[in-house]
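Engineer: The structure that follows is given in the form of structure tokens.
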Amino acid sequence: ACAMDWQVLTRELSLYLESQVRVGLFGSGVGLSLVLGFGVAYACYYLSSIAKKPQLVASNDRFCRFLEEYCPVVTETYYPTIWCWEGRVQTLLRPFITSRPQVQYRNELIKTADGGQISLDWFDNSDSLYYPDASTRPTVLLLPGLTGTSKESYILHMIHQSETLGYRCVVFNNRGIAGEDLLTPRTYCAANTEDLEAVIHHVHSLHPTAPFMAAGVSMGGMLLLNYLGKTGRDTPLMAAAIFSAGWNVFESVESLEKPLNWLLFNYYLTTCLQSSISRHRQMLEKLFDMDLVMKARTVREFDKQFTSVMFGYRTIDDYYEDASPCRKLKSVGIPVLCLNSVDDVFSPGHAIPVETAKQNANVALVLTSCGGHIGFLEGIWPRKCTYMDRVFKQFVQAMFEHGNKIFSM
């Protein structure tokens, strides 16, 4: 629906403008001519500089051929929404524009080794026509972003896409985020993979014969990459999809601390982090000066006073170094597809580890010129499916149904 050539786009734009603008504007046809001229010029600029094919980075020719055949969306031109293609705008608008599919969850609380608990939200897809046998129904583990839960619109869309394919989904909500109580003074971070390991082991133990994948968004993608870099091939996951991950945390926080980005994103995200822990203040006050934590005005200040201390890092730089997935990408041992936009202020294009990715045959990067952070809006009125959603759907289907062909192509 998005793939329209120059002639179609300019013709439709001209017809629309002719129907909206009176020829007598300013007393003559000059106004209409100016508007049409601007519209054509904008269309030319959009098609020449904005709408582009993504850059596919992969050292493994077989992986590339596999993606071209079974996940063709990564080789097609991405047409961002013509009136909001800029990265910051896409990032800000997606939560408000995109629809929120209805999903009925089944909640499960699992215990952790340290006495804590993790909330999992299951979409069992019991009515699956393609996989009626629950024991072999493919399972997708979904990891939301920094303060996200199973209620995020991008998670709901992933589940909707999985439902149409007959798959089961389970959402990993980080500790204390989804309404459950903290039983210990510990939350979560991008570097510590213990909770994720426990969840993966738990899900796999429930459905040991079911094909099993994971998809992580933003910090969820960072956590998933750090887990994969730690475990290599020793994981029950057959593949993973990563969306808008922050590859280098130092570069991410530096970008977010630029004046405009601080105003639009950093301060708000910091208040979200503070809000997520304020409900657990009585538990956390056992270990932290919560008054000092609540005074943070940037993500870096919050991490310095809270996150890095909680997980025992000597300095915040030690934490940021350990949390950066770019340092562990070489060790990933299963097929991983990573989608980023180079105009993402949360993960600047210059910090994406292109050269490192070329050194691992299991890794493929898909880099779009526009899309922002978890944006990837497309279409004139992007209420439903985004480019990110289409990449997710095609990749998980490709891996579940044709994954064995990667090594034979």
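Every number in this text was worked out from the coordinates using simple rules, so none of it is lab data. Just so it is clear, the model here is predicted, and its values are computed rather than measured. Ideal geometry is used to build each Cβ from the backbone, glycine not excepted, and the neighbour counts take in all protein chains shown.
Engineer: Can you tell me which of 348-359, 234-245 comes out highest on packing, and rank the rest after it, using the mean Cβ neighbours within 10 Å?
Structural biologist: Going from most to least packed, we get 234-245, 348-359.
Engineer: Could you go through segment 98-108 in sequence order and give the Karplus-derived ³J(HN,Hα) for each residue, using 6.51 cos²θ - 1.76 cosθ + 1.60 with θ = phi - 60°, rounded to whole Hz, and x for Gly and Pro?
Structural biologist: Result, ordered by residue: 5, 6, 10, x, 6, 10, 9, 9, 10, 8, 9 Hz.
Engineer: If I build a Gaussian network model for the chain, linking alpha-carbon pairs within less than 10 angstrom, which residue out of 395, 311, 38 has the largest mean-square fluctuation?
Structural biologist: Maximum among the listed residues: 38.
Engineer: Just how far, in whole angstrom, is segment 55-114 from segment 290-320 if you go by their alpha carbon centroids?
Structural biologist: 30 Å
Engineer: When N counts the residues of segment 59-197, how does its alpha-carbon radius of gyration compare numerically with 2.2 N^0.38 Å, as a ratio? Show your work: numbers first, answer last.
Structural biologist: Numbers: Rg = 18.0 Å, N = 139, 2.2 N^0.38 = 14.3 Å.
The value comes to 1.26.
Engineer: Hey, what did segment 165-301 get for relative contact order, percent, Cα under 8 Å, at least 6 apart?
Structural biologist: 24 percent
Engineer: Within 14 Å, Cβ to Cβ, of residue 293, how many net charges do the neighbouring residues add up to if Lys/Arg are +1 and Asp/Glu are -1?
Structural biologist: +2
Engineer: Cβ neighbours within 10 Å, averaged per peptide: list 216-229, 108-121, 157-170 in order, most packed at the top.
Structural biologist: 216-229, 157-170, 108-121
Engineer: Could I ask something else about it? Taking Rh as the Kirkwood radius computed over C-alpha pairs, what is the Stokes-Einstein D of segment 159-199 at 37 °C in a medium of viscosity 0.692 mPa s, expressed in µm² per second?
Structural biologist: 266 µm²/s
Engineer: Once a ≥ b ≥ c are taken as the square roots of the eigenvalues of the Cα gyration tensor of segment 79-147, is the result rounded (a/c under 1.5), prolate (a/b larger than b/c) or oblate (a/b not larger than b/c)? Provide the component values of the computation, followed by the final result.
Structural biologist: On the way: a/c = 3.01, a/b = 1.52, b/c = 1.98.
Judged from the Cα gyration tensor, segment 79-147 comes out oblate (a/c at least 1.5, b/c at or above a/b).
Engineer: OK, next. Please list the non-local residues whose amide H lies under 5 Å from the amide H of residue 239, H modeled 1.01 Å from N, same-chain partners needing a gap of 5 or more.
Structural biologist: Excluding prolines and chain starts, which carry no amide H, the hits are 214.
Engineer: Please list, in order along segment 355-362, the HN-Hα scalar couplings obtained from phi with the Karplus expression 6.51 cos²θ - 1.76 cosθ + 1.60 (θ = phi - 60°), rounded to whole Hz, x for Gly and Pro.
Structural biologist: Going residue by residue, I get 5, 5, 4, 5, 8, 10, 5, 8 Hz, with x marking Gly and Pro.
Engineer: Sort 373-383, 289-299, 39-49 by packing, meaning the average of other beta carbons within 10 Å per residue, with the highest value first.
Structural biologist: Working: 373-383: 20.9, 289-299: 15.7, 39-49: 14.2.
Answer by packing, highest mean first, reads 373-383, 289-299, 39-49.
Engineer: While we're here: Just how far, in whole angstrom, is segment 343-392 from segment 172-245 if you go by their alpha carbon centroids?
Structural biologist: 21 Å
Engineer: Still on this structure, please answer the following. Kirkwood hydrodynamic radius, segment 296-409, all distinct C-alpha pairs: what's the number in Å?
Structural biologist: 16.8 Å
Engineer: A further question follows. So what's the net charge close to residue 334: Lys and Arg +1, Asp and Glu -1, counting the other residues with Cβ under 14 Å from its Cβ?
Structural biologist: +3
Engineer: Remind me, relative contact order of the chain in percent, using alpha carbon pairs under 8 angstrom and six or more residues apart?
Structural biologist: Contact order relative to length: 24 percent.
Engineer: What fraction of the Cα pairs in segment 223-374, stated in percent, has a spacing above 27 angstrom?
Structural biologist: Value for segment 223-374 (Cα pairs over 27 Å): 31 percent.
Engineer: Let me ask you something else. Three principal axis extents, largest first, for the C-alpha atoms of the chain, in Å?
Structural biologist: That gives 76, 54, 42 Å along the principal axes, largest extent first.
Engineer: Hey, another quick one. What does DSSP give for the chain in terms of the percent of beta bridges that are antiparallel, rounded to the nearest 5?
Structural biologist: Numbers: 17 of 41 bridges.
That works out to approximately 40 percent antiparallel.
Engineer: Output the pairs from 286/330; 111/286; 295/384; 358/384; 328/384 with a Cα-Cα distance over 31 Å in this structure; if there are none, say none.
Structural biologist: Correct reply: 286/330; 295/384; 358/384; 328/384.
Engineer: For residue 345, enumerate residues with amide H under 5 Å from its amide H, sequence gap 5+ or separate chain, H modeled in the peptide plane.
Structural biologist: So residue 345 has HN proximity to 373.
Engineer: Just 327, 137, 314 to compare: in a GNM of the chain, with alpha carbon springs under 10 Å, which one fluctuates most?
Structural biologist: For the chain, modelled as a Gaussian network with Cα springs under 10 Å, the answer is 314.
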